[in-house]
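Asks: Below: one structure in structure tokens.
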Amino acid sequence: MTWGKETHLQHLGEEKHYAGAVTPPIFQTSLFVHDTLASLKGMIADPNVEERYVYSRVGNPNMTIVEKKLAMLEGTESAMVFASGMAAITAAVMHCVRAGDHIVCVDTSYGPTRSFMTDYLPGYGVETTYVVGHTDEIEAAIQPNTKLIYLESPSSVLFRIQDFRAITAIAKAKGIKTITDNSNCSPLFQNPAAMGVDIVVHSATKYLCGHSDVVAGALCASKAICEEIAMREGQWFGGRLAPFDSWLMLRGMRTLRLRMDEAKRMGALMFDYLKNRPEVEEVYYSGDPNHPQRELIESQQTGHNSLITFKPKVQADEALAKFAESLDIFQMGVSWGGFESLAVPIYGKPMDWPEEQWVVRLYLGLEDIEDLKADLDQGFAHLR
Ligand SMILES: *Cc1c(COP(=O)(O)O)cnc(C)c1O
């Protein structure tokens, strides 16, 4: 019987019940003991001995349950959970590059990902070229020593889209690995591995965990890549996810479909509201029906999340502060993907803007959309 993703999300990896408990226990243990030396060394040829855990930095039943579900959702052979999105991202990047190598990276990728490449990797002999994200621009940026193309589609804050199929075809022909950050879509709205991407990374802190109570990360890839990362970056950097956090992640993921469908509904309603506000100059949202890349977006994504950014016409610093501070339901804070709505004014510029500008990134939580609109109605009084 072939089950849908939603059914697997509830049951995959949880076939065994302990004392009849419908939820798995938290295996709050650092190590696992063995009766024989052969078992401890992992030399048992018994196919029924599936669970041969040794040490929780390497593997734990709570990690395995979410890893099985993640691989199923992303359509990859394997998945690995990490103590944060950045732990997963840095492990994936370090897997792909050595001293003397070159990376091509999307300019609007998540800030700390970008600064890892700008401020840390050069110290180890790895250089990065940034691109807006157009396919021909990426192709032109490839050097003989390029080993990695790092994508994020939709990207952070401005939600820029890259063409996975075209870019990964170019990369494969040149033996270059590709990574994409898929936190924005979650595995329910986009599966980049099916479009050729080698490693899909997630900040599970966001939609996957979904309740603003865990910091976690994940990467999804082939069995060969995951096994290599497990023995190298996973083992040596040691940033794997703890048992209780893995358990919380499982709890969060059970409702992923419900929350993503609600995110999609609310994002579309908020887009209609924002695009009709006279105070708004531009709205950035991958679900914009008049998006210049609409055809590409529809060929890659099956939905849009509840992140939406707008550029206000008024650009005065104090006005932006007053707007955000006057909101009652929207709170000011980094992160997103939880139950609570957030509004963050951000000042800056991607590489293709002539000057820095204020934008406001909204994250819509699970409150009533009409209450959120009314909250913004009164906030906009400060942006006139
Ligand atoms: C938050 C975020 C990350 C980093 O994840 P952490 O869990 O905070 O380490 C990476 N990528 C994107 C797109 C994010 O929003």
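Asks: Would you tally the net charge around Q10, using a Cβ to Cβ cut-off of less than 13 Å, leaving Q10 out, and scoring K and R as +1, D and E as -1? Spell out each step's value before the answer.
Replies: Details: positive: K5, K68, K69, R251, R254, R257; negative: E6, E14, E15.
So the surrounding residues net to +3.
Asks: What shape does region 256-383 have by the C-alpha gyration tensor, where a ≥ b ≥ c are the square roots of the eigenvalues, rounded means a/c under 1.5, and otherwise prolate means a/b greater than b/c and oblate the rest?
Replies: On the way: a/c = 1.73, a/b = 1.17, b/c = 1.48.
Taking the square roots of the gyration eigenvalues as a ≥ b ≥ c, region 256-383 is oblate.
Asks: From the phi of every residue in region 15-27, what ³J(HN,Hα) in whole Hz does the Karplus formula 6.51 cos²θ - 1.76 cosθ + 1.60 yield, where θ is phi - 60° and glycine or proline is x?
Replies: For region 15-27, the Karplus curve yields 5, 8, 10, 9, 6, x, 5, 6, 9, x, x, 8, 7 Hz.
Asks: Calculate for the chain the 222 nm mean residue ellipticity that helices alone would give, adding -39,500 (n - 2.57) per DSSP H run of length 4 or more and normalising by residue count, nearest 500 deg cm²/dmol.
Replies: -9500 deg cm²/dmol
Asks: Using amide H atoms built in the peptide plane, which far-off residues or other-chain residues are under 5 Å from D163 H to H?
Replies: T135
Asks: Hey, can you grab everything whose amide H is under 5 Å from the amide H of G217? Only 5+ residues off in sequence or another chain; H modelled, so Pro and N-termini drop out.
Replies: Amide H to amide H, under 5 Å and 5 or more residues apart or across chains, G217 pairs with F82, A83, S84, G85, A204.
Asks: Under the √(5λ) rule applied to the eigenvalues of the Cα gyration tensor, what semi-axes describe the equivalent ellipsoid of region 5-253? Give them in Å, descending. Walk me through the numbers before you get to the answer.
Replies: Details: eigenvalues 215, 79, 50 Å².
Semi-axes, largest first: 33, 20, 16 Å.
Asks: When a/c is below 1.5 the answer is rounded, else prolate if a/b is larger than b/c, else oblate, so apply that to region 66-140 with a ≥ b ≥ c taken from the square roots of the Cα gyration tensor eigenvalues.
Replies: On the way: a/c = 2.08, a/b = 1.52, b/c = 1.37.
Prolate shape, in that a/c is at least 1.5 and a/b is the bigger ratio.
Asks: Provide the net charge surrounding H102, with neighbours chosen by a C-beta distance below 13 Å and charges set as Lys +1, Arg +1, Asp -1, Glu -1.
Replies: Numbers: positive: R98, K147, K174, K177; negative: D101, E127.
Residues close to H102 contribute a combined charge of +2.
Asks: Set the Förster distance to 25 Å, then compute FRET efficiency between E262 and K313 from the Cβ-Cβ distance, nearest 0.05. Could the numbers behind the result be given before it?
Replies: Numbers: r = 30 Å, r/R0 = 1.21.
Computed FRET efficiency for E262 and K313: 0.25.
Asks: Another one. May I ask you to evaluate 6.51 cos²θ - 1.76 cosθ + 1.60, the Karplus curve with θ = phi - 60°, for each residue of region 200-206 and list the ³J(HN,Hα) values in order in whole Hz, giving x for glycine and proline?
Replies: Result, rounded to whole Hz: 9, 10, 9, 7, 6, 3, 8.
Asks: Still on this structure: Which residues' amide hydrogens lie under 5 Å from the amide hydrogen of E281, considering only partners 5 or more residues apart or on another chain, with H built in the peptide plane?
Replies: For E281, the qualifying residues are K311, K313.
Asks: Additional query: With a point put 7 Å past each Cα toward its Cβ, work out how far Q10 is from D272 in nm, to one decimal.
Replies: 3.1 nm
Asks: A further question follows. Which residue fluctuates the most in the chain, going by a Gaussian network model with Cα springs under 10 Å, if the choices are N305, N276, N62?
Replies: Result for the chain, Cα springs under 10 Å: N276 fluctuates most.
Asks: Report, in order of residue number, the helices in the chain meeting two criteria: a C-alpha extent of 18 Å or more along the helix axis, and a mean Kyte-Doolittle hydropathy of at least 0.0; treat each whole DSSP H run as one helix.
Replies: Once both thresholds are applied, what remains is 61-74.
Asks: Now for a different question. Quick one: grab the alpha carbon gyration tensor of region 209-255, order the square roots of its eigenvalues as a ≥ b ≥ c, and give me rounded if a/c is under 1.5, else prolate or oblate depending on whether a/b is larger than b/c. If you can, show how the numbers build up before the last one.
Replies: Working: a/c = 3.09, a/b = 1.85, b/c = 1.67.
It comes out prolate by the Cα gyration axes.
Asks: Compute a Gaussian network model of the chain, connecting alpha carbons closer than 10 Å, and tell me which residue from F323, F82, F164 fluctuates the most.
Replies: Among F323, F82, F164, the largest GNM mean-square fluctuation belongs to F323.
Here, each number is a calculation from the coordinates, and none is a lab measurement. Quick caveat: nothing in here was measured; it's all calculated off a predicted structure. Neighbour counts are summed over all protein chains in view; Cβ atoms, including those assigned to glycine, are modelled from backbone coordinates with ideal geometry.
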